[in-house]
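> Take a look at this one; I'll ask things after.
The values are calculated or read from the model by the stated rules, or taken from the named source; none is laboratory data. In this text, all values refer to a predicted model and were calculated from it rather than measured experimentally. Cβ: placed from backbone, ideal geometry, glycine included. Neighbour counts: every protein chain shown.
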Amino acid sequence: MAATAAMALAAALLALFGLSRGSPQGGLPSRDFPPGFMFGAATAAFQIEGAWNLSGKGENIWDRWTHQHPDWVADGSNADVACDSFHRFKEDVQALVDTGFDFYRFSISWSRILPRGTVDYVNEEGLWYYNRLLTELMAHRITPVVTMFHWDLPQPLQDLGGWPNPVIADYFEDYARILFRHFGDRVKYWITINEPASIIESYANSRLGAPGLDDHGVADYQASHTLLKAHAKAYHLYDKYFRKTQKGRVSITLNSAWLEPRTNSQEDRQAAERARQFYFGYWAHPIYSKIGDYPAVMKERIMRNSLAEGRFRSRLPEFSPQWVKFIRGTADFFAYNHYTTRYAASGTEGEIPSLQRDSGVIRSYDPKWPSSASSWLKVVPWGLRKMLNWIKKEYGNLPVLITENGFSDHGGLHDKDRINYFVSYLQELLKAIYIDKCNVFGYTAWSLVDNFEWARGYTEKFGIYQVNFTDPNLARIPKDSAQALRKIIKHRALVPNLLQGEMPEPRVVLVT
Ligand code: GOI
């Protein structure tokens with residue numbers, strides 16, 4: 001009886017989702033993306049703009065870190081010119097148009113708008129640049145999705161200590177006000193901060209990036225504390241002064257690999273869950289959970305370790321009940337970057353003190369997972385589906401925008417590994433949408449163009465458009481993956497033969 005009802009319900013749902021259009025494809029209920037589903041491509045200011053000291057832009061921490069430590073960048077390069085998007089943004093927009101993207105996720109350089117980091121001096125030429133970019137996007141009906149902060153903190157604010165100093169939350173709120181005021185008439189999707197998890201890594205390990213500190217287990221926790229406050233302040237500012245007239249939506253982009261138990265032992269399953277809390281719940285729980293604040297497991301373990309180190313209080317700062325309340329609920333949708341999966345096993349590793357050590361988790365990869373040009377990026381499509389399900393279970397079914405997903409190689413126009421990556425991850429995304437009912441409304445490919453890949457310089461390419469950095473014209477040339485995405489977007493479906501017969505069979509492996 002119950003089974004019959006369940007089957008009837010399943011049949012009704014399948015009919016609802018358009019299965020009548022064709023037979024199931026490769027285990028997928030449908031190859032079609034849902035109505036209204038949005039496709040976009042992403043970049044970040046520091047990685048593409050160049051013009052690092054032109055038109056009034058101030059110095060930021062990545063300018064400083066790359067100039068002071070060229071030996072810390074894989075190819076000794078910097079982003080002084082990068083893709084020169086400051087002068088060539090129309091070519092970027094043309095690439096978006098040619099591929100058929102619905103939206104463009106780009107970031108604004110804080111130092112280009114506020115060279116000193118603070119609002120006592122607003123650089124008109126900075127405003128002018130982003131106004132022209134927005135005009136160009138609007139002319140082509142491409143929706144802007146704008147990140148306010150993608151890691152490039154103005155150097156004068158770092159000189160005050162950077163994110164570990166709580167005053168930076170106020171300066172971020174001021175910066176957000178300038179952006180809402182000048183661009184909010186046209187920008188309806190705001191991302192306050194990109195990947196706090198990645199930002200704090202560079203307070204823990206100097207070689208990973210700017211600001212380049214080695215204050216693991218202390219400054220990284222303090223930086224996170226201010227980042228969450230800064231995000232919440234910007235969100236409430238929008239609520240109070242801009243939402244009514246501008247009618248946009250505000251979120252923060254969080255990222256994490258899916259953390260899969262290394263073995264099926266109870267210890268490893270618990271370790272994987274702990275890792276999800278330490279590497280994702282750390283930011284998601286204060287914002288999206290019903291009770292707010294940091295995950296209990298973090299508060300407990302970090303307190304215990306801190307006391308054992310002879311400290312009188314936890315290295316993890318505490319939120320007052322007022323702050324817990326202020327931060328909770330400060331997102332209109334769930335913005336999520338996903339690239340890869342890692343195993344988690346119970347055990348202790350990492351420096352004393354450090355987030356890694358506090359977590360009590362040893363992370364690793366399966367040697368069978370296909371590689372990319374980036375040592376951290378393995379191709380594990382099913383991890384995306386598992387992560388989306390975990391987000392839904394943990395935080396409720398808020399609409400999700402995937403704000404980054406992409407693959408690195410060493411260059412070349414015939415990037416079939418990248419096509420395979422996009423197609424296999426999009427297949428898992430469709431399963432999450434149709435089978436698991438995850439509420440995902442958009443997908444963003446990282447990246448529109450090859451660009452400055454932070455500490456990896458120009459050695460790891462993520463673009464669907466090639467940029468030859470030794471060509472003075474820095475022409476944007478479509479790779480095969482751009483053609484594949486163009487077809488997917490045109491048909492709003494994972495149409496067959498996306499590898500264009502370059503391979504004998506489409507090498508798309510369905511992992512169930
Ligand atoms: C996005 O972040 C980002 O938003 C974009 O701007 C970016 O272009 C895009 O990713 C592509 O990268 C194994 C010590 C290998 C040294 C494990 C400790 C290397 C080196 C873990 C810790 C990992 C995507 C850096 C999320 C930062 C890459 C977060 C992925 C470097 C490692 C390490 C590791 C380490 N992460 N990022 N790394």
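> Within the stretch 239-264, track down each residue that is without any contact (Cβ under 8 Å) to a residue 24 or more places away in the chain and outside any helix (DSSP H, G or I).
The one that is without any contact (Cβ under 8 Å) to a residue 24 or more places away in the chain and outside any helix (DSSP H, G or I): N264.
> Shifting gears a bit: I'd like the full set of residues that are surrounded by fewer than 21 Cβ atoms within 10 Å (Cβ to Cβ) and part of a helix (DSSP H, G or I), limited to the stretch 289-299.
Residues satisfying the conditions are A296, V297, K299.
> Considering the stretch 439-457 alone, what residues qualify as being away from the ligand (no atom under 12 Å from the Cβ), crowded, with 20+ Cβ neighbours inside 10 Å and not small (G, A, S)?
Correct list: V440, Y443.
> Which condition from (1) within 15 Å of the ligand (Cβ to nearest atom); (2) surrounded by fewer than 22 Cβ atoms within 10 Å (Cβ to Cβ) is the one that Q466 breaks?
(1)
> Same structure, new question: Which of the residues that make up the stretch 326-370 are away from the ligand (no atom under 16 Å from the Cβ), part of a helix (DSSP H, G or I) and crowded, with 20+ Cβ neighbours inside 10 Å?
Listed by number, the list holds a single entry, I327.
> For the stretch 161-171, check the following and say yes or no: at least one residue is away from the ligand (no atom under 16 Å from the Cβ), in a helix (DSSP H, G or I) and within 30 Å of A95 (Cα to Cα).
no
> Does S77 satisfy the criteria of being within 15 Å of the ligand (Cβ to nearest atom), buried (at least 24 other Cβ atoms within 10 Å of the Cβ), touching a residue at least 24 places away in the same chain (Cβ under 8 Å) and of a type in the set (S, T, Y)?
Spelling it out, it is not the case that S77 is within 15 Å of the ligand (Cβ to nearest atom), buried (at least 24 other Cβ atoms within 10 Å of the Cβ), touching a residue at least 24 places away in the same chain (Cβ under 8 Å) and of a type in the set (S, T, Y).
> How many residues does the stretch 117-134 contain that are in contact with an Asp or Glu (Cβ under 8 Å, 6 or more places away or on another chain) and not aliphatic (A, V, I, L, M)?
Of the residues in that region, 1 qualify.
Residue by residue, here is whether (1) modelled with pLDDT under 95; (2) within 16 Å of the ligand (Cβ to nearest atom); (3) at positive phi holds:
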| site | (1), (2), (3) |
| --- | --- |
| D185 | no, no, no |
| S198 | no, yes, no |
| G212 | no, yes, yes |
| H225 | no, no, no |
| Y235 | no, no, no |
| Y241 | no, no, no |
| K247 | no, no, yes |
| E260 | no, yes, no |
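> Also, quick follow-up: If you go through the stretch 300-324, how many residues are buried (at least 19 other Cβ atoms within 10 Å of the Cβ) and of a type in the set (K, R)?
2
So that you can scan it fast, the table gives a plain yes or no per residue for (1) touching a residue at least 12 places away in the same chain (Cβ under 8 Å); (2) under 18 Å from D84 (Cβ atoms); (3) assigned to a strand (DSSP E or B); (4) basic (K, R):
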| site | (1), (2), (3), (4) |
| --- | --- |
| N420 | yes, no, no, no |
| L429 | yes, no, no, no |
| T444 | yes, no, yes, no |
| N451 | yes, yes, no, no |
| A455 | yes, no, no, no |
| T459 | yes, no, no, no |
| L474 | yes, yes, no, no |
